[in-house]
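S.K.: Quick one: the structure is below, questions incoming.
The values are calculated or read from the model by the stated rules, or taken from the named source; none is laboratory data. Note that the structure is predicted; figures quoted are calculated from it, not measured. Here the Cβ is made from the backbone with ideal geometry for all residues, glycine too, and neighbour counts use every protein chain on show.
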Amino acid sequence: MSRLSYLTIMVSALLLSFSALSQAAKPNVILVMADDQGYGDLGCTGNPIIKTPNIDQLASESSGLSDYHVAPTCSPTRCSLLTGHWTNRTGVWHTIMGRSMLRENEVTVGQMFSDAGYETGMFGKWHLGDNYPYRPEDRGFTEVFRHGGGGVGQTPDVWNNAYFDGSYFHNGELVPAEGFCTDVFFDRANAFITKCAKQEQPFFAYISTNAPHGPLHCPQKYLDMYEGQSDKIAAFFGMITNIDDNVGKTRRLIEELGIADDTIFVYTTDNGTATGANIFNAGMRGRKGSPYDGGHRVPFFLHWPAGGIDQQHDVDELTHVVDIVPTLLAMTGVEKPAEVKFDGVSIADLLDPKKDVDWPERFVISDSQRVRDPIKWRGSSVMSQKYRLINGQELYDMTADPGQQKDIAKQHPEVVAEMRAFYDQWWAELEPTFSQTTEIYLGHPQHPVVSLTAHDWIQGVNPPWHQGSIRAANLKQRGSKKLVHEGHWAVKALRDGKYRISLRRWPVESRTAINASLPAGDNVPGASKAFRTTPGKSIGATHAVLRIDGQDIDRKPVEADVEEVSFVTELKQGSHQLAPFFEVEQGELGAYYVVVTSLD
């Protein structure tokens with residue numbers, strides 16, 4: 001071997017070694033987010049009944065945020081958590097109705113970490129879009145295992161899924177899984193973590209449970225732990241205790257893998273409690289959906305031994321979900337994309353027990369729109385360290401009145417004016433973006449087949465967002481008026497061409513005829529009935545109609561025993577409103593499921 005060849009090999013080996021050391025030096029991140037669990041739904045925050053020993057232990061070894069705020073509902077919190085942007089900036093201000101899809105111009109934390117050489121995994125609840133370009137695999141996550149929509153059994157989810165033994169989307173493909181959904185999601189995440197650790201590859205694992213969101217189901221052994229409580233509390237708390245067991249299992253795993261010291265472990269939730277407020281709500285007013293603190297103040301614990309965060313340290317400064325992405329970037333050294341400007345700030349110094357931080361006064365906002373288009377001041381809380389301005393009218397001093405019982409707006413008009421001025425400026429900046437409807441792409445060469453569901457109909461009233469509603473098929477007329485299909489999907493044809501648009505009353509995987517009825521499915525343990533236990537109603541459709549951009553383009557009869565009626569049409573490149581429906585005795589019934597196939 002020549003001296004030059006030898007030197008080349010040695011240099012290559014050194015470079016590879018340096019690369020491996022560089023990768024190993026990057027801290028891992030495990031971010032666990034529960035669904036509908038409030039600040040008071042933990043033993044460590046004072047709940048006298050719930051059993052959460054593993055999260056309580058985590059809290060005793062972590063920096064915790066005691067004045068941390070999110071949005072009052074699911075999707076809006078998730079978009080801010082993943083982007084560092086105000087909810088309303090991202091196009092996500094509702095959980096349904098086409099307003100739960102994260103705008104394609106947003107850069108997620110998954111993309112940031114993936115670009116920095118991390119493996120990125122997303123497990124459980126996404127709830128930010130089920131079609132390209134909104135899915136987690138389109139947004140920087142290299143390993144994805146999730147349910148559809150906002151929960152197991154919702155309309156975009158796999159047909160007949162309940163909380164046990166379901167099928168899920170693994171990197172876009174349907175796969176079956178055995179066991180309770182939360183256990184399945186953690187098991188998949190743990191397999192991902194194990195693989196990355198053995199390959200000495202830094203990772204970002206986002207474990208986002210649909211529990212304890214309703215319907216309220218969990219394994220019987222967890223229900224038995226709360227004997228004597230109401231069925232709802234037993235199931236709700238049982239779901240949380242099951243999450244707690246899984247948190248303990250994952251923490252033990254990273255210890256066994258030898259990566260615990262170099263792993264940032266976060267536990268938090270997405271909004272105030274949905275079910276537990278009657279037992280314990282930490283003295284707060286309100287619950288999920290409320291503009292009062294009970295709707296959006298939630299727990300947050302961060303543990304990172306290598307970063308000196310391994311002891312109980314309470315941070316009582318006002319913080320917000322928009323702060324989390326900049327904080328994780330600061331802790332890991334992952335660079336912010338040049339084009340991204342965060343609405344939040346890094347709170348890494350606040351979380352460091354060794355630092356005495358002089359934190360500046362700030363205002364932050366939480367609001368709950370849950371409408372087609374945002375309405376100024378709706379469900380809003382403008383927050384400072386001391387005050388809360390609710391819906392632009394009510395003012396509360398959180399130092400003297402943490403339960404928000406005494407409105408002091410008339411006594412402090414100067415505070416109201418200052419907080420209203422901040423909100424006015426915030427609204428003026430965001431309002432021009434509200435008209436930027438998130439559109440589902442048609443005709444992408446890598447995604448020629450697109451499945452649409454009624455969950456994403458844009459309309460004035462809530463669409464049928466879960467499979468129980470799909471089964472029930474609400475055909476009730478409003479007085480003597482015939483039903484009119486008022487919803488539509490906002491779609492974008494990426495190119496001129498022919499598209500096959502197939503109308504269905506039932507999803508493809510059901511293999512069920514348009515006018516067939518379905519028997520009720522099996523229930524699962526818990527306080528609620530599974531969505532699939534609703535009998536499936538026959539709709540008696542006579543014709544299928546293709547309506548695009550407000551015009552009825554074509555009409556065909558619904559033949560006996562057909563599962564779909566298909567139309568082939570030309571679409572021009574650009575935005576369209578797709579609103580196909582079935583003619584039924586009562587009028588128009590929107591096609592709950594539509595498959596669009598690009599033919600060019």
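S.K.: Would you point out which residue out of 474, 391 is surrounded by fewer than 17 Cβ atoms within 10 Å (Cβ to Cβ), in contact (Cβ under 8 Å) with a residue 12 or more places away in the chain and not aliphatic (A, V, I, L, M)?
M.R.: It is 391.
S.K.: Still on this model: Among the residues of the stretch 228-243, is any assigned by TED's automatic domain parsing to the domain that holds residue 80, closer than 26 Å to residue 83 by Cβ and surrounded by fewer than 24 Cβ atoms within 10 Å (Cβ to Cβ)?
M.R.: Within the stretch 228-243, not a single residue is assigned by TED's automatic domain parsing to the domain that holds residue 80, closer than 26 Å to residue 83 by Cβ and surrounded by fewer than 24 Cβ atoms within 10 Å (Cβ to Cβ).
S.K.: Then there is this: Within the stretch 404-436, count every residue that is assigned to a loop (DSSP other than H, G, I, E, B) and either hydrophobic (A, V, I, L, M, F, W, C) or crowded, with 18+ Cβ neighbours inside 10 Å (or both).
M.R.: Residues meeting the conditions: 3.
S.K.: Within the stretch 329-347, count every residue that is more than 21 Å from residue 364 (Cα to Cα) and in a helix (DSSP H, G or I).
M.R.: 2
S.K.: Collect the residues in the stretch 205-254 that are of a type in the set (A, V, I, L, M, F, W, C), under 16 Å from residue 180 (Cβ atoms) and in a helix (DSSP H, G or I), keeping them in residue-number order.
M.R.: 223, 234, 235, 236, 237, 239, 240, 243, 247 - these are the residues of the stretch 205-254 that are of a type in the set (A, V, I, L, M, F, W, C), under 16 Å from residue 180 (Cβ atoms) and in a helix (DSSP H, G or I).
S.K.: Let me ask you something else. Within the stretch 509-543, can you find the residues that are farther than 30 Å from residue 234 by Cα, hydrophobic (A, V, I, L, M, F, W, C) and in a loop (DSSP other than H, G, I, E, B)?
M.R.: Matches in the stretch 509-543: 513, 514, 516, 539, 541.
S.K.: For the stretch 276-309, name all the residues that are hydroxyl-bearing (Ser, Thr, Tyr) and under 19 Å from the mean Cα position of the chain (by Cα).
M.R.: Residue satisfying the conditions is 290 alone.
S.K.: Which one of these is in the same structural domain as residue 422 (by TED's automatic domain parsing) and under 29 Å from residue 61 (Cα atoms): 398, 284, 331?
M.R.: 398
S.K.: Go through the stretch 544-568 residue by residue and tally those that are more than 25 Å from residue 153 (Cα to Cα) and part of a loop (DSSP other than H, G, I, E, B).
M.R.: The qualifying residues number 6.
S.K.: If you check residue 186 against the conditions, is it under 16 Å from the mean Cα position of the chain (by Cα), surrounded by 21 or more Cβ atoms within 10 Å (Cβ to Cβ), at pLDDT 95 or above and closer than 20 Å to residue 249 by Cβ?
M.R.: When the stated conditions are applied, residue 186 does not pass them.
S.K.: Ok, one more. Go through (1) farther than 21 Å from residue 279 by Cα; (2) surrounded by fewer than 24 Cβ atoms within 10 Å (Cβ to Cβ); (3) not hydrophobic (A, V, I, L, M, F, W, C) and name the single condition residue 208 misses.
M.R.: For residue 208, the exception is condition (2).
S.K.: Continuing with the same structure: Within the stretch 439-471, how many residues turn out to be more than 27 Å from residue 369 (Cα to Cα) and outside any strand (DSSP E or B)?
M.R.: Residues that pass the stated criteria total 5.
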